[in-house]
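Following: one structure in structure tokens, then a few remarks.
The values are calculated or read from the model by the stated rules, or taken from the named source; none is laboratory data. Here the structure is a predicted model, which is why all the values come from computation and not from measurement. Counting neighbours? That spans all protein chains shown, and the Cβs are built from the backbone with ideal geometry, glycine included. When the accessible area is computed, the model is the full protein with side chains, heavy atoms only, and any ligands, DNA or RNA have been set aside. Shrake-Rupley method; radii C 1.70, N 1.55, O 1.52, S 1.80 Å.
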Amino acid sequence: MIEGVKIKKLVKHCDDRGFFAELVRDDEPDLLSGFGQASWSMSYPGVIKAFHYHEKQDDLWFFPSGNAQVVLHDLRDSSSTKGKTDVYYLGEENPIMLLIPKGIAHGYRVLGEKPATIIYFTTKSYDRENPDEKRIEWNDPSIGFSWDTKFR
């Protein structure tokens with residue numbers, strides 16, 4: 001696992017009305033060191049949104065509907081896991097919160113036949129004048145990740 005990445009498995013409290021789950025709390029400072037912004041996005045099946053990274057903010061991702069293959073690649077010179085790539089599967093089938101520290105390139109591919117929705121929290125608000133978002137092509141050879149489905 002890439003250094004600094006954290007997972008919080010969600011606990012669903014179910015009854016005959018539906019369910020309730022806590023996403024993030026202010027008494028979990030190891031999960032989100034500060035609050036900057038909460039955002040909501042939807043992507044269609046097969047879409048790949050990759051890669052980007054931040055120098056100042058951490059991201060906390062959650063996919064409440066649909067399913068996604070999330071890919072992380074550690075770019076940090078000071079990290080013991082520099083150059084490591086990890087893959088996570090988030091969404092309806094695996095409801096977890098995924099903390100992505102600054103300096104880790106990240107992106108996702110929507111899996112299945114329905115759109116995926118992501119809700120994410122950041123430790124800094126988006127600055128339109130000076131965005132903290134550096135881009136890397138989805139197929140960059142330095143990362144070398146194949147987005148093809150592996151038939152096993």
In the stretch 28-54, what count of residues is obtained for those that are hydrophobic (A, V, I, L, M, F, W, C) and surrounded by 15 or more Cβ atoms within 10 Å (Cβ to Cβ)?
-> 5
Does Glu22 count as over 30 Å from Ser146 (Cβ atoms), open to solvent by less than 50 Å² (accessible area, probe 1.4 Å), among the acidic types (Asp, Glu) and not in a strand (DSSP E or B)?
-> no
Going through (1) out of contact with any Ser or Thr (no Cβ under 7 Å at 6 or more places or on another chain); (2) part of a strand (DSSP E or B); (3) over 17 Å from Arg135 (Cα atoms) one by one, Pro64 fails only at (1)
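Just give me the residues in the stretch 91-106 being assigned to a strand (DSSP E or B) and closer than 22 Å to Ser78 by Cβ, in sequence order.
Correct list: Leu98, Leu99, Ile100, Ile104, Ala105, His106.
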Restricting the stretch 57-79 to residues that are charged (D, E, K, R) and surrounded by 19 or more Cβ atoms within 10 Å (Cβ to Cβ), the one nearest to Ser41 (Cα to Cα) turns out to be Asp59
Expected single match for at positive phi and at pLDDT 95 or above among Gly18, Gly66 is Gly66
Tell me which residues, restricted to the stretch 111-123, are buried (at least 17 other Cβ atoms within 10 Å of the Cβ) and part of a loop (DSSP other than H, G, I, E, B).
-> Thr123
Has the stretch 8-18 got at least one residue that is open to solvent by 80 Å² or more (accessible area, probe 1.4 Å), in contact (Cβ under 8 Å) with a residue 40 or more places away in the chain and of a type in the set (D, E, K, R)?
-> yes
Working only within the stretch 138-152, note down all residues that are open to solvent by less than 80 Å² (accessible area, probe 1.4 Å) and not hydrophobic (A, V, I, L, M, F, W, C).
-> Asp140, Gly144, Ser146, Thr149
Going through the stretch 38-83 one residue at a time, which ones are polar (S, T, N, Q) and over 16 Å from His106 (Cβ atoms)?
-> Ser65, Asn67, Ser78, Ser80
